[in-house]
Every structure is written in structure tokens, then in C-alpha cells.
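Report on the following structure.
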Amino acid sequence: MFKVDVHTHILPPSWPDLDVRFGCSGFPSFEAQPDGTKNMIVNCKCFRTFQPNSWDPAVRFEDCDRDGVTVQVLSTVPIMFSYWAEPVHALELSKLLNDHIAATVAEHPARFVGLATLPMQAPDLAVRELERAVTQLGLAGVEIGTHVNAWNLNEPALFPVFEAAAELGAAVFVHPWDMMGKDDMRRYWLPWLVGMPAESSRAICSMIFGGVLERLPDLRVNFAHGGGAFPATIGRIEHGFVMRPDLVAIDNDVNPRAYLGRFWMDSIVHDPAMLRYIVDLAGEDFITMGSDYPFPLGELVPGKLIESMEDFTPERKAKLLGENALRWLNIDRGRFAA
């Protein structure tokens, strides 16, 4: 079965000390360990330990071949967004990441597709880097966060970035980051278990209620982690829209349910009943296989949940495992012919 994993993260094999380069603190750096792993250090603390599959294509190919994954869509690790940084610094960081992903894709075009990152805190610079990433580097689109500092995705300042993505035909992948309420729920990994699903719903609602999807019908957006809490709470969201339009429908008077089937969601829901539900909710053409490779909160065998669904037809499984991703990316399958 042709399988496209739309949700995988990659880092460069080497990385400069940006704290030193820019004369300020807060940028991720890396410390190599004797066992071949690397610790990411942020503000003098270890954020996460990364295995070689986070940067080594050869290791990724071994994993993909083992799990039957034909193509990986590469995007950076969200902590690298650095939306808090000075715009010129974030632009330079974005260029480093985008150049690396583009070079990796160019070296292995039959196995990888690339997504750029942008300095979203400076929309004018973000548009410029988006244009470079798509027209010069050949990347298929961009990965952005569920919010940009104090801006939700309906912020008027961000609209030119989405407008440029639509005009360029660039796919947009929205990934949770900097989870809301994280300082109030430090125990039990709650930012990842509770905050992350809320972040995806925050992003979807912002783009719907803010009129972004209405004004840009050709914008192709995919939301990570099965749309987070949005699918399970669409009834409440719609009810709020109907009952309090004075609070909800102030920028867009179209019922939020009308946008189901207007955007994509990945399949990382970890539950067959929930997978069946989001397919029924959004339609079988708008769910894409994602794994969050190479991280443990993702699906450890990409596509296993889809393949296990006994009530899904082979045609439906083919759509979810690969065909829908090609439509979202606007890439012909022939590119990946052996």
C-alpha cells in the first residue's frame, strides 16, 4: 500500500550556537552524547534527547522500509519555531532549517517532501521566506504553530501569509506548540495530553471564526493530531455559534460545521472509534496518515490504526494512507515512482 506520512519531524545533523551568534539566550542548542544521541538544551536545561533518526536519512529509511512507509513529509520540531525571537534572528534560523530540509529532499526526492518554517512574528519576512521556500527551494508548503505569541491565527497581521500560501499553492500544516496553560499544569505531562488537543481546536476555530478559510477557499490547511479537541466539541462550537452570534459570529456568519471537508486533519488519534468518527465527520477525502515520527506520543507504526480498521474498504484505506496526502500537497504520485 502506498503510504505518505504527513507528520514527521527532522533536525539538521549539525546546528550553530545561536545564543552566541545573536548575543541573546533562548535558542535551542545541542550536546552530543557518547551513545550517539543528542540532548537539546534550551535556557541551560535539557528539553529532550534526540535519537539519530531525528537527523539521519539512512536510519529513517530503515524505519520506513520496516513499516511500509513510502514517503515522509519533513517538518521541523515545533520548539525550533522561535516566534519569541527578534524577527531578523528568526528569519536566519528559518533559512537554516529550510535550506537543510530542501537539501535533504533534493537528495532523496522519491522518499521525502519538505515543509518550511517561517518567522511568523514578522509577517512581511514570513511572506518573503515563504516565497523563497516554494519558488527557489522547491518545498511543498509550510509548518506553522497553532498561535504566534499573543496572536491567534485569525490575527489580521497574519492574513498576508495565508494569502501568499494560497497564491503560491503551498500546503499549510498547523502543529501545536507552546501549549496554553502549561505553567498551570506542570505535572503528569498535561501540556501534551490536555494543552496540545486544545491548541489544535484553538487554531481551527480561529481560522473559521476569523474568516480565513472563508476568504481563502483555495488555501489547503492540515491540522495535526486529528484536529485535537475540535472534532469532539464541534457540537458545542456550533451551538455557541447559533446561540450567541453576538460573541461568536462577529467576523464570519457561516456556520462552523460548513467547514468540515474544507480542511484536512491527520490520523493521530490512537483510538479506532475516534478515527472512524473523524472520517465520518470530515469525509474520507480529508484525513491524512500521520505518525509524529520519531516521537513516542505519535503512532509507533505509521498507518497501523488505519490498516487495522476492518470496516474500512480498501479504497478508503488507500485514501487515508496516501492519496489524500497527495491532494493536500498537490503532488503527483508519479514523482515517487521507483
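The values are calculated or read from the model by the stated rules, or taken from the named source; none is laboratory data. Since we're looking at a predicted model, the values are computed, not measured. Cβ atoms come from the backbone with ideal geometry, glycine included; neighbour counts cover every protein chain shown.
Taking the options LEU275, LEU320, name whichever one is part of a helix (DSSP H, G or I), under 26 Å from THR76 (Cβ atoms) and of a type in the set (A, V, I, L, M).
Only one candidate qualifies: LEU320.
I'm checking my understanding of the structure. Among residues of region 187-246 that are basic (Lys, Arg) and over 20 Å from the mean Cα position of the chain (by Cα), which one is farthest from GLU155 (Cα to Cα)?
Per the stated criteria, the residue is ARG187.
GLY138: closer than 19 Å to MET196 by Cβ, among the small types (Gly, Ala, Ser) and in contact (Cβ under 8 Å) with a residue 24 or more places away in the chain, yes or no?
When the stated conditions are applied, GLY138 does not pass them.
Among the listed residues ALA282, ALA273, identify the single one that is among the hydrophobic types (A, V, I, L, M, F, W, C), at pLDDT 95 or above and loosely packed, with under 14 Cβ neighbours inside 10 Å.
Only one candidate passes the filter, namely ALA273.
Picking from PRO57, PRO87, PRO78, which residue would you name as being modelled with pLDDT of 95 or more and farther than 30 Å from ALA150 by Cβ?
Exactly one of PRO57, PRO87, PRO78 is modelled with pLDDT of 95 or more and farther than 30 Å from ALA150 by Cβ, namely PRO57.
Which of the residues belonging to region 107-121 are surrounded by fewer than 19 Cβ atoms within 10 Å (Cβ to Cβ) and either touching a strand residue (DSSP E or B) at 6+ places or on another chain (Cβ under 9 Å) or closer than 25 Å to SER29 by Cβ (or both)?
Residue satisfying the conditions is ALA110 alone.
Regarding region 101-113, can at least one residue be identified that is aliphatic (A, V, I, L, M), assigned to a helix (DSSP H, G or I) and without any contact (Cβ under 8 Å) to a residue 24 or more places away in the chain?
yes
So, in region 179-212, of the ones that are free of Cβ contacts under 8 Å to residues at least 40 places away in the same chain and not in a helix (DSSP H, G or I), which residue ends up nearest to ILE268 (Cα to Cα)? It would help to see each step written out before you state the result.
First, pick out the residues of region 179-212 that are free of Cβ contacts under 8 Å to residues at least 40 places away in the same chain: 179-191, 193-198, 201.
Still in the running and not in a helix (DSSP H, G or I): 179-181, 185-186.
On the way: MET179: 18, MET180: 20, GLY181: 22, MET185: 23, ARG186: 24 Å.
Result: MET179.
Please name all residue pairs, on different chains or six or more residues apart, with Cβ atoms under 6 Å, provided the first residue is in region 238-255 and is modelled with pLDDT of 95 or more and the second residue is in a helix (DSSP H, G or I) and basic (Lys, Arg).
Sorted first by the residue in region 238-255, then by its partner, the pairs are GLU238/ARG257.
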